[in-house]
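Inspection log for the structure reproduced underneath, given as C-alpha cells.
The values are calculated or read from the model by the stated rules, or taken from the named source; none is laboratory data. These numbers come from a predicted model, not from an experiment. Cβ: placed from backbone, ideal geometry, glycine included. Neighbour counts: every protein chain shown.
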Amino acid sequence: TERRMQAWWEGEAVREGVHVEDDNADADANANDADADHTAPIVIATGFVATSSEGVPTTLKRSGSDYSATIFAKVTHASRVTMWKNTDGVYTADPRRVPEAFSISSLKYDEAMELAYFGAQVLHPLAMVPCIDSNIPVYVRNIFNPAFEGTVIQGRCASLSEVNKDGKVVNWRSKRGVIPIKGITSVDRFSLL
C-alpha cells in the first residue's frame, strides 16, 4: 500500500495538480510562499479504504484511517500527524478499568506500538511504522477537548546495549533514576509493564 501510495503521489498527484514537483531545494523551507493556484496546502483524503494486491476494493480494518494518515504523512513529507480521537491521548492504563489512569504527555514509537499491540485501543501498532524513518511526530488529541495537548509520539527507545555502554545501569527505584514504566495495558489474562 505504501509503495502504491508513493507512486500515486509522484505520478497521478503531480498530473492532477495536487502535488507540484519543485526542483528548488528551499521549496519546503518556506511553505507560506506556495501559490494556492498551483499547490494544495491541505490534502483531504479518505482513509480506511484500500485495494488488495489484485486490485480488489477492501478496507484496512481497525485503525485503518490512522494507518492511512501515517502513510500520507510519509509520502508527503509532512511535519506531523494528528490523530483526533475521543480520548485525551494515550493513557497510563485503561480508564474503564483503572479510574486513576491519566494521559501520557509523550511516548517513543516503540512504547506506543507495544501498548497498542497489547491492548491499548487508541492506536493500532502498525500506524506508527510509516513515521519512524523520518521521525514524524504523531499527536493523539481529543476531538471533544481540542485545548488539551494530548500525547506526542516520536523517537525510538534506547536499546539495552546503548543504555549499558558506559557500564552503568539506571536503578529505576532510585530517586535519581528514571522510571521506565509509562503505562500498563492488558489483554484478558495477560499484562505488559
Exercise. Does residue 174 count as at pLDDT below 70, farther than 14 Å from residue 90 by Cβ and part of a strand (DSSP E or B)?
Worked result: no
Seminar exercise, completed: Among the residues of segment 80-105, the number that are in contact with a helix residue (DSSP H, G or I) (Cβ under 8 Å, 6 or more places away or on another chain) and surrounded by 14 or more Cβ atoms within 10 Å (Cβ to Cβ) is 3
Exercise. Is it true that some residue in segment 21-28 is modelled with pLDDT of 65 or more and exposed (fewer than 10 other Cβ atoms within 10 Å of the Cβ)?
Worked result: no
Problem set entry | Matching residues, segment 56-68, being under 11 Å from the mean Cα position of the chain (by Cα) and either closer than 13 Å to residue 6 by Cα or surrounded by fewer than 20 Cβ atoms within 10 Å (Cβ to Cβ) (or both) | 68
